[in-house]
Amino acid sequence: MRRIERQAYKWAMKMADDPERHRAGLERWIMRSPEHLIVYNRVAREMRLATWSAAQLDLRPADARAATGRPFSNSGFVWAIAVLASVLAASSAAFLVLRDQQSPGDAIISGAPIVAQSWSSHANDIRRTRLPDGSVVTLDRDSAIAIRFSADRRMIELSRGRVRFEVAHDTSRPFVVQTPGGSVTATGTVFDVEVRGTVRVHLMRGSVAVAMAHNSSANGDTPVRLVPGQKLEFASRQQAVMPVPQAALANDGRWLSGTMSFEDMPLGDIIAQTNTYSSTRISVSEPRLLQKEMFVDLDIRDADAVARKLAVLLDLTVDKSQPGKLVLRPR
């Protein structure tokens, strides 16, 4: 178990025992690194105390909902100790899902002004939304976020998909995007974050600091800072090597418009990307065609136009005889 995880377990148990006594110390520990908040929230979930211990500092994840029921009791503390022991023995535990207990926009706890909302996009559309702080988010297909804004922080949890963040400048309230593999912290900037197996961050403007929650390299506690034009990809699971920022490709930021430039890209990959944005599926009658490499600009949100253009370039025909299917066949 990593040092930060051990510390997070200790803090969670201290908060379960005496929150008033340990509140200030936990706040100082949380502020030392964006990763501390991520790990603490994960530990609280594993201990099934997310709706209680994390709420003591207003740190529950963006999709956590209002805690109800009786206050924490001594018997609950004994139970928490048992849970912690089982977690330490097994080195893992199931996440507690709290998404459906409160309607979007409802206040979570009393005290400082809190905004909690969630948004999602369907499989074949893109959704653009302005957040309460003036930031703008654009959700790619099949994406979901939940936000929790308070007086001193703007927390966004990206559970799946890809989102373009255009962040309103506010140095007093860091803008933190949490993912299964880590967090991205900014104050005012434009960047993409994608969660599809791995986590990908692409910075267009400003600067961001990326903290990876599962990195076990020697400098794993040090956030990676990106400059405009860089991207970083890392795993949502344990990794031994610190990822290195790379130069972003021209296509990396074009998903909003739908126009993609494919250079020496196999036809099979082009078809796969197009099919993710349409209920009309493109396929080929002969598998050998999938290996043909293409050099072409396409609007992948228009499956019919993509099929027609590919047919012209490869001297194929488009078979539309089956509803919802476009089959490329040799002449």
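Using the reciprocal of the averaged 1/r over all distinct C-alpha pairs, how large is the Kirkwood radius of the range 257-330 in Å? Kindly include the intermediate steps, with their values, before the conclusion.
Values: mean 1/r = 0.0834 Å⁻¹.
Every distinct Cα pair counted, the radius reaches 12.0 Å.
Ordered by residue, what ³J(HN,Hα) values in Hz, to whole numbers, does the range 176-182 give under the Karplus form 6.51 cos²θ - 1.76 cosθ + 1.60, where θ = phi - 60° and Gly and Pro are x?
Computed from phi, the couplings for the range 176-182 are 10, 9, 9, 10, x, x, x Hz.
Under the classification rounded if a/c is under 1.5, otherwise prolate if a/b is larger than b/c and oblate if not, where does the range 180-323 fall, given a ≥ b ≥ c as square roots of the Cα gyration tensor eigenvalues? Please list the in-between numbers first.
Values: a/c = 2.81, a/b = 2.28, b/c = 1.23.
It comes out prolate by the Cα gyration axes.
Based on alpha-carbon centroids, what's the gap between the range 155-198 and the range 221-294 in Å, whole number please?
With the range 155-198 and the range 221-294 each reduced to a Cα centre, they are spaced 19 Å.
Give me a comma-separated list of calculated 3J(HN,Hα) values for the range 293-304, in order, Karplus coefficients 6.51, -1.76, 1.60 applied at θ = phi - 60°, integers in Hz, x for any Gly or Pro.
So the Karplus estimates, Gly and Pro as x, are 8, 10, 10, 7, 9, 9, 8, 6, 8, 10, 4, 5 Hz.
Taking the alpha-carbon distance from Lys309 and a cut-off under 20 Å, which lysines remain once sequence neighbours fewer than 8 residues away in the same chain are dropped?
Output for Lys309: Lys292, Lys320, Lys325.
Values quoted throughout were computed directly from the atomic coordinates according to the rules given, and no laboratory measurement underlies them. Please read all numbers here as calculations on a predicted model, not as lab measurements.
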